[in-house]
Every structure is written in C-alpha cells, then in structure tokens.
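See below for the structure under consideration.
The values are calculated or read from the model by the stated rules, or taken from the named source; none is laboratory data. Fair warning: this is a prediction, and the values are worked out from it, not measured in the lab. Virtual Cβ from ideal backbone geometry, glycine too; neighbours counted across all protein chains shown.
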DNA sequence: AGAGAAAATTCATTCGGATGAATCTGACAT
DNA sequence: ATGTCAGATTCATCCGAATGAATTTTCTCT
C-alpha cells in the first residue's frame with residue numbers, strides 16, 4: 001500500500017480528464033489541496049502531476065496553477081512530399097513559424113555528410129520556431145549550402161514559404177530523402193523555448209530534403225515537443 | 001545559484017559519460033556518496049539520475065546500484081519493406097522475440113478500421129516481446145483477421161519468422177502501408193516488461209501491413225523503449 | 001480613476017529524515 | 001561443493017518543512 005502511492009492520484013486525474021469530469025482549460029486544485037484530499041504528501045502529488053505533464057495531459061504553470069491541457073496532439077505526416085504547413089493546416093490549426101537566427105558557418109560534420117559537401121564548406125544555418133495556435137511545437141535548425149543558397153533564411157523569411165523560396169532559387173520540386181526520429185529528455189533551454197515542463201521529452205527529427213534527381217539540398221534537425229505531436233507515414237507513394 | 005542545482009550534477013555526469021571518464025558498465029557512486037561529493041541533497045542527486053535514466057545514459061537498478069548504460073541505441077529502419085529481424089541484425093545485435101500470449105478476440109474499433117473488417121469480426125491478438133542482446137526493447141500486439149489467419153500466432157512461433165508465416169498462408173510478399181509514431185510516458189507495467197526505469201518514456205508505433213495490392217493483413221501496436229531506439233526512414237523506395 | 005506598491009497565491013527547488021524493497025555478501029551448516 | 005539465512009548495501013517511496021520565483025490580486029496614494 002505504501003508503494004507507488006502517487007500513481008493512484010495520477011490515474012485518478014488521468015481518468016477524470018479522459019472521461020470529461022475535468023475538461024480542457026480547467027484549473028486543477030492546488031498541490032496542497034490535492035495532497036489533503038488524497039491524504040498523501042505534496043511531493044507525491046507533484047510526482048503525479050509531473051507524470052501527467054510529461055504526457056501533455058496537463059500544463060503546469062508556475063505562479064498561476066495547473067490546467068488541463070487544451071491543445072490536442074497534432075498529427076504531422078512525414079513522406080516524400082513532406083511540407084510542414086500543408087501537413088498541419090488541414091487540422092484546423094493556425095501554423096506560423098518565425099525566424100530566430102540566421103548565420104553562415106562552417107558545416108558541422110553531420111551536415112557535410114548529409115549534403116555531400118567538402119570538409120570545411122560553408123553553410124547557412126537558420127533557426128526557426130514553429131507555433132500551432134500560438135503554442136510552440138517545434139524548434140529547429142536547417143542547413144543549406146552557402147554557395148548555392150547564400151541568403152536562404154532571409155528569402156524564406158520574406159517569401160513566407162519554403163517551397164516558394166526553393167522556387168526562387170530555380171528549384172520547382174523537392175522531396176524528402178531521409179528522416180530519422182529519436183526521443184530524449186529536453187535540454188532546459190529547449191523546454192523553455194517550447195514553453196513546456198522540463199520533464200516533457202522531445203522528439204528529434206533529422207531529415208534530408210533533395211531535388212527529385214537525388215541531390216541533397218537541405219539538412220534539418222527539428223526538436224518537437226513529444227507531448228504535442230504524433231507522426232504518421234504513408235509508404236505507398238509519400 | 002540555488003535554482004536548478006540538480007542540473008549541475010546531471011551535466012557533470014553526462015559529460016563524464018560522453019568523454020569516457022565513465023565507461024559502459026561502470027558503477028556510479030551511491031546516491032549518498034554523490035550527494036556528499038557535490039554538496040547537495042540526495043533528492044537532487046536522484047533528480048539528476050532520473051534525468052539521465054530517461055535518456056538511457058544510465059540504468060538504475062534497485063538494490064544493486066546505478067550503472068552507465070552499456071547498450072547503444074538501436075537503429076530501426078521503417079519503410080515499405082519493414083522487417084524487424086532484417087533491419088536490426090546488420091547492427092551486430094542478436095534479436096530474439098518471444099510470444100507472450102495469443103488470443104482470439106472481437107476486434108477493437110481501431111483494428112476493425114485498419115483491417116477493413118465488419119464490426120464485431122473476430123481477430124487473433126498475439127502479444128510478443130522483442131529482445132536485442134537479451135535486453136527487451138519492444139513489446140507489442142499484432143492483430144490478424146481470425147478468419148483468414150486462424151492460427152497465426154502459433155504458426156509464427158513455430159516457423160520463427162513473420163515472412164515465413166505469411167508464406168505458409170500463401171502470401172509471398174507484403175509491404176508496410178502505414179505507420180504512426182508518438183511518445184508518451186510508460187505505464188508502470190510496460191516499464192516493468194521492458195525492464196526500464198519508470199520515467200523513461202515509450203514510443204508507440206502503430207502500423208498496418210498489407211499485401212502488395214493494398215489489402216491490409218495486419219495491424220500492430222508496438223511499444224518501444226524510447227531510450228533504446230532510433231527510427232529512420234528512406235523515402236526513395238522503402 | 002489610474003498607477004504603482006504590497007500582499008497573497010501558487011508552483012519550483014532544496015533539504016533532512018524515515019521506512020520499505022530488492023539485491024548482494026558472507027558465515028554457517030550440511 | 002552446495003544450499004540457507006542473516007545482515008549490509010543500495011535504491012524506492014514517502015513525509016514534513018523551508019525558501020525562492022512567477023503571477024495575480026488587492027490596496028494605497030495621487
């Protein structure tokens with residue numbers, strides 16, 4: 001009985017949310033109140049709340065309170081024709097993305113390999129943050145060969161779309177060549193950027209886009225909030 | 001200085017592992033010793049260790065101690081020709097899988113939809129656990145239409161390979177039709193089955209396999225230990 | 001009213017301490 | 001050698017308490 005006490009309250013709250021007894025946006029009782037009601041220590045309450053936050057079921061905000069998450073999980077389709085905006089918009093989600101920084105740097109090893117560049121080649125690194133309904137869902141870095149796409153980040157920022165930007169460089173089509181996904185704990189700065197609880201893991205999605213003839217044109221590494229996204233893949237065509 | 005004290009020891013240990021000062025299999029000092037050495041409370045030490053365990057960098061074992069993880073992350077390639085064994089073996093990993101249970105049940109809603117069955121149709125549910133070098137990495141349920149594949153689980157267990165089993169049913173080829181991936185916290189029983197720390201999240205991979213002409217033949221839902229796996233996808237052919 | 005300061009709320013982090021559970025070690029008897 | 005059991009070690013869980021930080025609410029003064 002003494003063991004795994006905190007799972008009781010976690011499961012109770014989880015049930016309340018699923019069944020609708022607690023609905024999206026509702027504020028939960030304070031930690032102290034929950035501790036009293038369930039007759040357990042506040043630390044066990046915190047443990048339970050942390051577990052729920054990791055699943056994205058609730059959102060814990062310091063100084064304000066704890067709330068039932070109101071944003072459902074986004075579905076992001078990965079395939080040959082992976083297009084961030086087009087894939088998220090159909091879900092009735094307002095997707096925006098913002099340029100955080102742009103720089104010209106010597107390509108890191110992985111980028112050199114991914115883009116088939118010579119060691120020491122320069123690339124442009126643009127860092128963007130993606131929001132769905134004003135809530136950050138992903139933050140990522142994209143690398144382009146600096147010689148071929150000298151001002152990619154700036155143009156992308158003006159044109160507002162990756163597809164358009166490629167077109168302005170004379171590339172009318174591009175396809176996803178390779179994708180890799182893994183999960184890890186969020187670094188504290190990532191958690192801050194994504195406005196998520198420090199214990200929510202992130203999904204790291206590394207990808208290579210290429211022209212239809214197979215020439216790689218971009219290498220990206222996007223950090224997704226694991227609680228807010230769901231990836232799908234169709235293997236027929238893409 | 002008082003804030004986020006525990007991240008200091010987390011980062012220190014993480015560095016020690018990455019740099020090789022601590023190597024695979026090494027036992028870490030006990031919680032108490034670490035607390036003394038870093039001049040912080042044991043609870044902060046635990047918090048740091050939990051964070052490292054979530055990333056799969058260390059493995060915490062009650063009554064034994066805490067050890068640097070010795071199993072590297074597996075890479076599992078998802079594509080049109082997704083075959084568990086063939087995709088993992090090239091990495092020098094001894095992959096085995098074991099039937100945990102087999103049953104004949106009324107198809108759950110999602111399965112009905114995935115396999116295009118009539119409501120109330122029966123399916124076989126086989127639960128298998130997959131081990132890589134004797135370490136569990138995944139546990140999953142696979143559903144097959146009971147009419148067409150009445151004894152799938154049993155045959156699969158005898159023949160030792162999914163491909164062979166399908167062949168015995170007259171299916172010489174099959175392809176991955178659809179895959180979806182998301183992350184969530186592990187349920188306590190899943191954590192136990194996968195022999196992982198309760199705080200390590202899992203990746204839920206739902207898939208539909210089909211014959212080349214597009215007829216769905218199986219629906220699976222596999223729970224992967226998020227710390228031990230890494231998914232990749234090639235979008236050219238599969 | 002309106003602006004700004006003070007107070008109250010609420011979560012964040014940390015510490016110390018206690019008990020339980022799993023595992024290993026070593027003494028002991030067979 | 002082998003098996004058993006007591007004790008030590010180590011992590012797991014829990015509680016209570018204090019201080020700090022972020023936010024909201026209330027009050028005060030102009």
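Taking only segment B:30-52 into account, find how many residues are within 14 Å of another protein chain (Cβ to nearest Cβ) and either more than 7 Å from DNA strand D (Cβ to nearest atom) or within 16 Å of residue B:16 (Cβ to Cβ) (or both). Steps first, please.
Of segment B:30-52, the ones within 14 Å of another protein chain (Cβ to nearest Cβ) are B:41-44, B:46-52.
Okay, now just the ones that are also either more than 7 Å from DNA strand D (Cβ to nearest atom) or within 16 Å of residue B:16 (Cβ to Cβ) (or both), so B:41-42, B:44, B:47-52.
Going through segment B:30-52 one residue at a time, the tally reaches 9.
Could you say whether any residue in segment A:71-86 is within 11 Å of DNA strand D (Cβ to nearest atom) and either within 14 Å of chain B (Cβ to nearest Cβ) or under 24 Å from the mean Cα position of the chain (by Cα) (or both)? No - not one qualifying residue is present in segment A:71-86.
For segment A:90-137, a residue qualifies if it is in contact with a strand residue (DSSP E or B) (Cβ under 9 Å, 6 or more places away or on another chain) and at positive phi, and the qualifying residues are A:116, A:120, A:133, A:134. The residues on offer are A:45, A:95, A:36, A:100, and the sole one that is under 24 Å from the mean Cα position of the chain (by Cα) and either outside the structural domain of residue A:152 (by TED's automatic domain parsing) or surrounded by 15 or more Cβ atoms within 10 Å (Cβ to Cβ) (or both) is A:95.
Restricting attention to segment B:15-31, the residues being in contact with a helix residue (DSSP H, G or I) (Cβ under 8 Å, 6 or more places away or on another chain) and either closer than 23 Å to residue B:183 by Cα or within 13 Å of DNA strand C (Cβ to nearest atom) (or both) number 1. Filtering segment A:200-236 to residues that are surrounded by fewer than 18 Cβ atoms within 10 Å (Cβ to Cβ) and either farther than 30 Å from residue A:150 by Cα or within 11 Å of chain B (Cβ to nearest Cβ) (or both) leaves A:212, A:214, A:232, A:234, A:236.
Entry remark, segment B:179-204: residues being free of Cβ contacts under 8 Å to residues at least 60 places away in the same chain and closer than 24 Å to residue A:233 by Cα number 10 in total. State whether the residues of segment B:53-62 include one that is at pLDDT 85 or above, more than 10 Å from DNA strand D (Cβ to nearest atom) and farther than 15 Å from residue B:24 by Cβ. Checked against the condition, which is being at pLDDT 85 or above, more than 10 Å from DNA strand D (Cβ to nearest atom) and farther than 15 Å from residue B:24 by Cβ, segment B:53-62 yields at least one hit.
Residue count for segment A:200-238 satisfying the condition of being under 24 Å from residue A:110 (Cβ atoms) and assigned to a loop (DSSP other than H, G, I, E, B): 7.
When you look at residue B:2, is it more than 19 Å from residue B:200 (Cβ to Cβ), more than 9 Å from DNA strand C (Cβ to nearest atom) and either modelled with pLDDT under 85 or exposed (fewer than 15 other Cβ atoms within 10 Å of the Cβ) (or both), yes or no? In short, no. Using the structure shown, decide if residue B:186 is part of a loop (DSSP other than H, G, I, E, B) and either assigned by TED's automatic domain parsing to the domain that holds residue B:156 or more than 27 Å from residue B:80 (Cβ to Cβ) (or both). Judged against the criteria, residue B:186 is a match.
Quickly run through segment A:131-158 and pick out the residues that are within 25 Å of residue A:71 (Cβ to Cβ), surrounded by 21 or more Cβ atoms within 10 Å (Cβ to Cβ) and at pLDDT 90 or above. Selection gives A:137, A:138, A:139, A:140, A:142. Residues that are touching a helix residue (DSSP H, G or I) at 6+ places or on another chain (Cβ under 8 Å), without any contact (Cβ under 8 Å) to a residue 24 or more places away in the chain, over 24 Å from residue A:189 (Cβ atoms) and not in a loop (DSSP other than H, G, I, E, B) within segment B:32-66 comprise B:32, B:35, B:42, listed in sequence order.
Scanning segment A:3-25 for residues that are more than 14 Å from every other protein chain (Cβ to nearest Cβ), on the phi < 0 side of the Ramachandran plot and more than 15 Å from DNA strand D (Cβ to nearest atom) turns up A:16, A:19, A:21, A:22, A:23, A:24. The set of residues in segment B:174-199 being within 9 Å of chain A (Cβ to nearest Cβ), crowded, with 20+ Cβ neighbours inside 10 Å and within 25 Å of residue B:60 (Cβ to Cβ) consists of B:183, B:184, B:185, B:199. Residue-level check: of (1) more than 20 Å from residue B:201 (Cα to Cα); (2) part of a strand (DSSP E or B); (3) within 16 Å of DNA strand C (Cβ to nearest atom), residue A:98 misses just (3). Can you name the number of the only condition in (1) touching a strand residue (DSSP E or B) at 6+ places or on another chain (Cβ under 8 Å); (2) within 14 Å of chain A (Cβ to nearest Cβ); (3) within 12 Å of DNA strand D (Cβ to nearest atom) that residue B:65 fails? With (1) touching a strand residue (DSSP E or B) at 6+ places or on another chain (Cβ under 8 Å); (2) within 14 Å of chain A (Cβ to nearest Cβ); (3) within 12 Å of DNA strand D (Cβ to nearest atom) applied to residue B:65, the lone miss is (2). Of the residues that make up segment B:145-163, is at least one within 27 Å of residue B:225 (Cβ to Cβ) and part of a strand (DSSP E or B)? So far as segment B:145-163 goes, no, none of its residues is within 27 Å of residue B:225 (Cβ to Cβ) and part of a strand (DSSP E or B). Does residue B:124 satisfy being at pLDDT 90 or above and not in a strand (DSSP E or B)? No.
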